[in-house]
Amino acid sequence: MKNKLYISIITILAVLLQPSCRDLNIDPLNVIQDKDVFATDAGVKGYLATIYRALPIEDFYYRQEGSGFNRQWEHFYHPGALCGELVGPYGSTYDGAGGFGYWPYGDIRTVNYFIENLPVYGTGFSKEQIDAWLGEAYFCRAYFYFALAKRYGGIPIIRKVQHYPEQSLEELQVHRDKEVDVWNFIGDDLDSAYNKMPATSERARANRYAAAALKSRAMLYAGSIAKYGSENFVAGDARDQGYAGIPASAAAGFFQRAWDAAKLLEGHYSLYRKKTDKELNYVDLFLDRESTENILVRDYSLTTGTAHSWDATMTCRFMTADGLSRAYPTLELIERYTGQLPVVNADGTPRRFDNTSQLAQGLEPRLLATIYFPGTTLRGKQFDMQRGIYEHFTGTAADELGQNPPNRPYRHLAGKTETLFNGMRIIGFTGISTDNDDLTRTGFYVRKYIDYNRAQSQCGLYMSTQSWIDMRYAEVLLNRAEAAVELSNMADARNVINDIRDRAGAPLLTGAFTIDTVRNERCKELAFEKQYWWDLRRWRIADKILDNTKYHALMPYYVADEQKYIFLREFEPFQRSYNFEKKFYYEPIPGGELGKNPNLYPNNPNH
Amino acid sequence: MQNIIKGLFILLTAVTMASCTKEDNFDGPDAAFKGRLLDNDSKENFLTETGGVQIKLEELSWSATPTPQYIPSKIDGTFEDTKLFSGHYRVTPVNGAFWPVQGVEMDINGTTTQDFTLTPYLRITQFTHELEGTTLIMRFKLSAPVETGLPRILDVKPFVNTSEYVGSGATISQYTDPNKIDINSSWSADIAAKTYEIRVPNLKAARTFYARVGVRVDDSFKQFNYSQIIEVKVP
């Protein structure tokens, strides 16, 4: 009897113990596995979409401080408003000069993981397909490193996925790499990308020419940092050790690589010339999805919740359905196209105009397509900018702008549009108010990227869907022209600049010219495209251009007794001054990262 | 019953309060650090403005790579901070118009005093001024204590204010930038020999102004070397 009991117990135990010998290492069914992602077309596409979404494209949303790449509605926090392209809500250059601690090593890890695992799991794909995807990954990795290098200079180069806790802390606390090595690494990644990718791609994804375009941009940055950063710099440990700064001897090599990369695009892209009217053509270039000029774009849509607010925040509420504007083109930017505008007669008196729209007559079509001048219309409403009314006006413009303005007692300004003088509105519906800055401060509004076909009721916050053009052929041509001048190849630069000028409707370049001509062309062509901030930095002229500088407005006034208009070149009403300290040629390494990894010291000079 | 509840509340309050009374056993910021910035030649206070020099403090007691803190200079060329933690610091004057100096490692506790001798990039010498109607005329020469390696000289500017706190950060802008002189060249015998004249026209009548001139070079910081401050009474 007892035996029977023992045998049953042993049997039960034996049965129960059976399953414990089986390995319980079964993949969970509710978590997507690497083999599911990297072995299927949809999986790879989804993975790449994550990377593209994180790509630091400085689009409508981008701010040089605070929320950085996050998606908020206030697009008037534009980097151009830190440095005199626009006047805007920033109190000074300091608001954005230190950046926002961008540190995308998480995203770089995502890319590295892709590069390591796609060849392991994607054995079912053709070699061409694998290469094309790897090429995109190299392009994206270079894009992240470019965004880092232009901010911080030398940062750690991470080529492989790091593992914790398998790797020791000492191994994981990486050192900074020299700045020159980082730029070379970016160039090499883009070479790999170019060699692996095909010539065409799906919309909003990179192809081999996008890699070449980015390379021309990045190498041009590196070249200018080498050349100009070795003359204008802040001394410090990081510079002595090569983390902030590139030897001047490397400049020519970088410029050559920039030129070579830009040349690769020749014949594959062209400047947009669909319309014969040059002004309208230039406006549509930023709105036509089929533009032959677009190399890499980012799309937005209402259904995915990505629509932006450019229309609602770059012109005033008079023309839109919601939101407000706070950033306005400076007169200094306009004078890059025109020189001094003809608003003063030879005898020094202000020129009299029958209406404000006469000012824009005969100006460069590209300028008029970039900036809304007084008298132009949008959605059936006129830009009727008027600063105020003079009962009468005698004497010169210079006297009126001096310290004892003779006509000041007869001048009327107002904060509200309903304020009247002798039955006439003192200011226009589009400004210029003495109260606040949601009407223009300078007498102008941004026109580039404004969707004039959109009904006013559709111009609310998060309702605009025009694409951001991150790279277009005109920029590549400007990269090429600048590199050419740096390499003393003036003939090539002239051809390229004239191609751009012809499309812009500007007079062609004849006679001698310098690097400043090419730089000025870049500032004009790429105005408001969030390049100006970086250009001023890499040319190392920001501390000279922004040296307690105040910017100007062009104020239209109505002279009541003459029934004419005059324009006065005044300081913009807020009279903000912009100052750039040399230490801001490099942003500080984020404090949190320094805390985690002491090997990131020395921080950039004077930070 | 009511009393019991009241009693419980009182007890609870007392217990809650008592739990808050843990002593902070670290010392407060009870140390002070002050001193003068001296011109290496005259041994007088270095001519600067409010914040024209920063005293960089790196507290080495805890870390070899501390986040620095800064004491801005006062307008008279002294500095003082009375809310510092006692400890071992490296102290370096930076961010001013003088040849770079080595930092000093020292303990700061109680009230610690340390002076620093600085060599300015440039000095403003033979400084005179006169008033011609409402125009202030200031004349001066420039001298360079060390000529080798002197960065490019940028400009000289007048600074005018209604109080004796006058410098690049405290000036009436319409009197300053329109009247500056751009130099934009390296140090030369011509510059050394030249007598500069800066005119500030249209001063408001019946006011007292304070004025000085400043010159700067294209170094890392672009701060000014100043003249003495003068008082100008416009009749």
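Worth pointing out:
- Flag for residue B:75 being closer than 26 Å to residue B:228 by Cβ, outside the structural domain of residue B:161 (by TED's automatic domain parsing) and part of a loop (DSSP other than H, G, I, E, B): yes
- Within the range A:329-377, being part of a loop (DSSP other than H, G, I, E, B), in contact with a Gly (Cβ under 9 Å, 6 or more places away or on another chain) and among the polar types (S, T, N, Q) holds for A:330, A:349, A:355.
- Within the range A:380-410, tally of residues that are touching a residue at least 60 places away in the same chain (Cβ under 8 Å), buried (at least 17 other Cβ atoms within 10 Å of the Cβ) and assigned to a strand (DSSP E or B): 3
- Qualifying residue in the range B:140-150 (condition: surrounded by 20 or more Cβ atoms within 10 Å (Cβ to Cβ), within 14 Å of another protein chain (Cβ to nearest Cβ) and not in a strand (DSSP E or B)): no
- Selected residue (only one of A:167, A:162, A:173 is closer than 23 Å to residue A:110 by Cβ and within 14 Å of another protein chain (Cβ to nearest Cβ)): A:173
- Verdict on residue A:110 being in contact (Cβ under 8 Å) with a residue 40 or more places away in the chain and loosely packed, with under 15 Cβ neighbours inside 10 Å: no
- Note on the range A:581-607: among residues that are of a type in the set (Ser, Thr, Tyr) and closer than 19 Å to residue A:83 by Cβ, the one that is farthest from the other protein chains (Cβ to nearest Cβ) is A:586.
- Against the conditions (1) in a loop (DSSP other than H, G, I, E, B); (2) of a type outside the set (A, V, I, L, M, F, W, C); (3) free of Cβ contacts under 8 Å to residues at least 60 places away in the same chain, residue A:129 satisfies every one except (1).
- Among the helices (runs of 4 or more DSSP H) confined to the range A:469-555, the ones with at least 3 residues that are over 23 Å from residue A:84 (Cβ atoms) and away from chain B (no Cβ under 14 Å) are located at A:473-486, A:490-504.
- Of the helices (runs of 4 or more DSSP H) lying entirely inside the range A:229-328, those carrying at least 1 residues that are within 14 Å of chain B (Cβ to nearest Cβ) and either out of contact with any strand residue (DSSP E or B) (no Cβ under 8 Å at 6 or more places or on another chain) or at pLDDT below 95 (or both) are A:237-240.
- Of all residues in the range A:177-217, those satisfying the criterion of being among the acidic types (Asp, Glu) and either more than 18 Å from residue A:132 (Cα to Cα) or crowded, with 24+ Cβ neighbours inside 10 Å (or both) are A:177, A:179, A:181, A:189.
- When the range A:211-228 is limited to residues that are among the hydroxyl-bearing types (Ser, Thr, Tyr) and away from chain B (no Cβ under 14 Å), the one that is farthest from residue A:56 (Cα to Cα) turns out to be A:224.
- Every test in (1) farther than 24 Å from residue B:74 by Cα; (2) modelled with pLDDT under 95; (3) under 25 Å from the mean Cα position of the chain (by Cα) is passed by residue B:139 save one, and that test is (2).
- Verdict on residue B:58 being outside the structural domain of residue B:219 (by TED's automatic domain parsing), within 30 Å of residue B:218 (Cα to Cα) and touching a Lys or Arg at 6+ places or on another chain (Cβ under 7 Å): yes
- Selection status of residue B:67, loosely packed, with under 14 Cβ neighbours inside 10 Å and within 14 Å of chain A (Cβ to nearest Cβ): yes
The values are calculated or read from the model by the stated rules, or taken from the named source; none is laboratory data. These numbers were taken from a predicted model, which means no experiment stands behind them. Positions of Cβ are backbone-derived with ideal geometry, glycine not excepted, and every protein chain shown enters the neighbour counts.
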